[in-house]
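The values are calculated or read from the model by the stated rules, or taken from the named source; none is laboratory data. Since this is a predicted model, take the numbers as computed values, not measurements. Every residue, glycine among them, receives a Cβ derived from its backbone with ideal geometry; neighbour counts consider all protein chains shown. For the accessible areas, the whole protein counts, side chains as well, though only heavy atoms, and no ligand, DNA or RNA atoms are used. Shrake-Rupley method; radii C 1.70, N 1.55, O 1.52, S 1.80 Å.
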Amino acid sequence: MDVKQIAKDTAKTLISYLTYQAMRTVLAQLSETDPPRALWLQQFSARQSFQDGEAYLRALLAERADLAYRIMTVREHLAAEVVDYLPEMARTGIQQANMEHRRNHLERLTSATGSLPVTHPEAGSFLQNLTSEVE
C-alpha cells in the first residue's frame, strides 16, 4: 500500500470536487446578477469534465479567463473554510459508516442463523452475546 500515492490521489480528487463546488457557487451568483454569463458557464461546464479540475480550469482560462479567475478565487476560499474540518469528519464518518455496515451484516447473519439449527451451542450464545453488545 503506497500511502503517499493514496494521499496524492485523494488531494487531487478533493481539489477537483472543490473546483466543481466553486463553479456551482459562481453559477448561482451569476444566475442572479448576469443570466447570459450564467447560461454560458452552464453550457461550458456541461461540455467539460470535472474529473480533473485543473484541466477544466485550463479550458475555461482559454475561453473566459474572468470566470476562471472567479472560480479559482471561490475554490481557494472554500478550501480555506473546509479543509481544516476534513480529517476529523472523514475519520468519524468512516468509523460510523463501518460500524453501521458491521451491525447490519451481523444482524443479517444472526437472523439467518436464528432460523437454522445450531450445531454448536456455544456458537449460538456467542452470537446472542455479540448482538446484545452491539445494541
**OP:** Spot the failing condition for Lys12; the list is (1) charged (D, E, K, R); (2) closer than 30 Å to Tyr85 by Cα; (3) modelled with pLDDT of 95 or more, and only one is missed.
**Re:** (3)
Subject >> Odd one out for Glu100 among (1) part of a helix (DSSP H, G or I); (2) at pLDDT below 90; (3) of a type in the set (Asp, Glu) >> reply: (2)
Original post:
Counting only residues that are in contact with a helix residue (DSSP H, G or I) (Cβ under 8 Å, 6 or more places away or on another chain) and open to solvent by less than 60 Å² (accessible area, probe 1.4 Å), how many does region 65-82 have?
Top reply: 9
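Looking only at region 77-96, count how many residues are among the hydroxyl-bearing types (Ser, Thr, Tyr) and under 23 Å from Ala22 (Cβ atoms). Give the derivation first.
So in region 77-96, the residues among the hydroxyl-bearing types (Ser, Thr, Tyr) come out as 85, 92.
Those still in the list that are under 23 Å from Ala22 (Cβ atoms) too: 85.
Residues flagged as among the hydroxyl-bearing types (Ser, Thr, Tyr) and under 23 Å from Ala22 (Cβ atoms) within region 77-96 amount to 1.
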**OP:** Report, by residue number, each residue of region 23-52 that is under 15 Å from the mean Cα position of the chain (by Cα) and closer than 20 Å to Glu81 by Cβ.
**Re:** Phe50
**OP:** Of all residues in region 20-53, count the ones that are open to solvent by less than 70 Å² (accessible area, probe 1.4 Å) and either part of a helix (DSSP H, G or I) or modelled with pLDDT of 95 or more (or both).
**Re:** 17
Subject >> Test result for Leu60, in contact with a Lys or Arg (Cβ under 8 Å, 6 or more places away or on another chain) and open to solvent by less than 50 Å² (accessible area, probe 1.4 Å) >> reply: no
**OP:** With the checklist (1) hydroxyl-bearing (Ser, Thr, Tyr); (2) open to solvent by less than 50 Å² (accessible area, probe 1.4 Å); (3) without any contact (Cβ under 8 Å) to a residue 40 or more places away in the chain in hand, flag the one item Thr10 doesn't pass.
**Re:** (2)
Original post:
List pairs: first in region 81-106 and more than 21 Å from Leu14 (Cβ to Cβ), second in a helix (DSSP H, G or I), Cβ under 9 Å, 6+ apart or cross-chain?
Top reply: Met99/Val134; Arg102/Val134; Arg103/Val134; Leu106/Leu127; Leu106/Leu130; Leu106/Thr131; Leu106/Val134
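Against the condition part of a helix (DSSP H, G or I), hydroxyl-bearing (Ser, Thr, Tyr) and open to solvent by less than 40 Å² (accessible area, probe 1.4 Å), how does Ser16 come out, does it pass? Break it down stepwise before answering.
Working: part of a helix (DSSP H, G or I): yes; hydroxyl-bearing (Ser, Thr, Tyr): yes; open to solvent by less than 40 Å² (accessible area, probe 1.4 Å): yes.
Yes; evaluated as a whole, the condition is true for this residue.
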